[in-house]
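Below is one structure; the comments refer to it alone.
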Amino acid sequence: MVNTTEFIEDAVEEIQEQIGDANAVIALSGGVDSSVAAALAYRAIGDRLTPVYVDTGLMRKGETDQIRETFSYMESLRIVEAQDRFLEALSGITDPEEKRHAIGEQFIREFEREATSAEADYLVQGTIYPDRIESEGNIKSHHNVGGLPEVVDFEGIVEPVRELYKDEVREVARELDLEEIISERMPFPGPGLAIRVVGEVTREKVEIAREACHIVEEEVEDHDPWQAFAAVVGKGTGVKGDNRVHGWIVSVRSVESRDGMTARAQELPWETLQRIQSRITGENENVARVVYDVTHKPPATIEYE
Ligand code: XMP
């Protein structure tokens, strides 16, 4: 474990040395790693750091507000309202990998524009030790901010938490008063809700998935899954009032896992499942059916796309 007070002092000094009088930019994702990196860099160089949070419209419920609140003390914070542009970029795309690609491209476009207007010479990143090991071993490419160093011609990359493990980052976050960010939230995929709606991404499907994911997260909290969420998987017939409707089918998934590589579908109590079903169908009149996914990984993946 690190001595957090000493770590913060050293990191701030190192960032100041590295960046000097120049400007820097960081992409905030809402996660603890980039939040800690941003807080350290801001402490080091103040408003010469431009933290950029891109609201893709594919985030969890309340995520953007949380960022706005947590980092309200940073005058240079930029919240980019890019929801419409992401929807536009995704329009007509149904293939999962093409969706990921479109999101990555759009993200880079948004970030590049902000970095250029901030006249940033340095890119700060929240890379932690396991990320480096994974990308060296090529296990997983970085989906969220992948490719950023290549698109803008930065003078240097600053990675203040590169030697830390996740639990150490959380300790530093605590010391930096980032309490709101470090709640032990479940992993959330970089492409966000786009891979929790099967097929084309539309505003309606994303809104249903966002609300349903929120309901599932609330209802399964006591069962402590590795990940639990809901996805919009298709359409089917239902009866609402006296009418037959052609509504959305929402699939609920809750899995236990150690590292996401394999997973077991969780045996949730019937009452919990029924409460989830009743809230999801009750809160959206266009949802006709809720199903529970009992498939392990393998053969299924955790996400739907
Ligand atoms: P799968 O669906 O492959 O997911 O079983 C394993 C873990 O990875 C997350 N995941 C992603 N994370 N970008 C990410 O940052 C992605 O494109 C992506 N796809 C899946 C998933 O949420 C799970 O934790």
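Every read-out reported here was derived from the displayed coordinates using simple, explicitly stated rules and does not represent laboratory data. The shown structure was predicted, so the numbers you read here are calculated from the model rather than taken from an experiment. Please note: Cβ atoms are built from the backbone with ideal geometry, for glycine as well, and neighbour counts cover all protein chains shown.
What order, most packed first, do the peptides 28-41, 4-17 have when packing is the mean number of other Cβ atoms within 10 Å of each residue?
Numbers: 28-41: 24.1, 4-17: 14.9.
By packing density, highest mean first, the sequence is 28-41, 4-17.
Each residue of the range 207-217 in order: what ³J(HN,Hα) in whole Hz does its phi give by Karplus 6.51 cos²θ - 1.76 cosθ + 1.60, θ = phi - 60°, with x for Gly and Pro?
Values per residue, Gly and Pro as x: 4, 5, 5, 4, 5, 5, 4, 4, 4, 4, 4 Hz.
Run through the DSSP bridge list for the chain and note the antiparallel percent, rounded to the nearest 5. Numbers along the way, then the final one.
Details: 16 of 37 bridges.
DSSP beta bridges in the chain are roughly 45 percent antiparallel.
Under a 5 Å amide H to amide H cut-off, with H placed in plane at 1.01 Å, what residues pair with VAL158 once short-range neighbours are removed?
LEU123, VAL124, GLN125
Can you tell me which of VAL25, VAL239, VAL169 moves the most in a GNM of the chain? Springs connect C-alpha atoms under 10 Å apart.
For the chain, modelled as a Gaussian network with Cα springs under 10 Å, the answer is VAL239.
What Kirkwood Rh does the range 1-106 have if only Cα atoms enter the pairwise 1/r average? Answer in Å.
On the way: mean 1/r = 0.0645 Å⁻¹.
Averaging 1/r across every pair of different Cα atoms and inverting gives 15.5 Å.
Can you list residues from other chains, or at least 5 along the same chain, whose modelled amide H is less than 5 Å from the amide H of ASN23?
Amide H neighbours of ASN23: ASP121, TYR122.
Find the relative contact order for the chain and round it to a whole percent, using C-alpha pairs within less than 8 Å whose residues are 6+ positions apart. Let's see the in-between values first.
On the way: 518 pairs, mean separation 51.9, N = 305.
It comes to 17 percent, rounded to a whole number.
How large is ³J(HN,Hα) for each residue in the range 229-244, as worked out from phi by the Karplus curve 6.51 cos²θ - 1.76 cosθ + 1.60 (θ = phi - 60°), to whole Hz, x for Gly and Pro?
6, 10, 9, 8, 10, x, 10, x, 8, x, 10, 10, x, 9, 10, 7
With each run of n ≥ 4 DSSP H residues scored as -39500 (n - 2.57), what mean residue ellipticity at 222 nm is computed for the chain after dividing by its residue count and rounding to the nearest 500 deg cm²/dmol? The partial results should precede the final answer.
Values: 10 runs with 122 residues, N = 305.
Dividing the helical sum by the residues of the chain leaves -12500 deg cm²/dmol.
Taking Cα atoms of the range 4-175, Rg/Rh with Kirkwood Rh, to two decimals?
Numbers: Rg = 15.9 Å, Rh = 16.6 Å.
With Rh from the inverse mean 1/r over Cα pairs, Rg/Rh is 0.96.
Given N residues in the chain, what is Rg(Cα) / (2.2 N^0.38 Å)?
Rg over 2.2 N^0.38 Å, computed on Cα atoms: 1.06.
Label-point separation (nm) for GLN66 and GLU285, each offset 7 Å from Cα along Cα-to-Cβ?
So the two model labels end up 3.2 nm from each other.
Across the range 87-101, in residue order, what do the Karplus-derived ³J(HN,Hα) couplings come to in whole Hz, using 6.51 cos²θ - 1.76 cosθ + 1.60 with θ = phi - 60° and x for Gly and Pro?
4, 4, 5, 8, 4, x, 8, 10, 6, x, 5, 5, 4, 4, 5
If you average the alpha carbon positions of the range 86-129 and of the range 252-301, how far apart do those two centres end up, in angstrom?
What the calculation gives is 30 Å, centre to centre.
In Å, what Kirkwood hydrodynamic radius results for the range 150-305 from the alpha-carbon pair distances?
17.6
Between ILE19, ILE249, ILE93, where does the largest GNM mean-square fluctuation fall for the chain, given springs only between Cα atoms within less than 10 Å?
Of the options given, ILE93 has the highest mean-square fluctuation.
With springs only between Cα atoms under 10 Å apart, run a GNM on the chain and tell me which of PRO160, PRO225, PRO187 wobbles the most.
PRO187
So, in the chain, how many Lys pairs have Cα atoms under 27 Å apart, if the pair is 8 or more places apart or on different chains?
18
Taking N as the number of residues in the range 7-64, what is its alpha-carbon radius of gyration divided by 2.2 N^0.38 Å?
On the way: Rg = 12.8 Å, N = 58, 2.2 N^0.38 = 10.3 Å.
Dividing the Cα radius of gyration by 2.2 N^0.38 Å gives 1.24.
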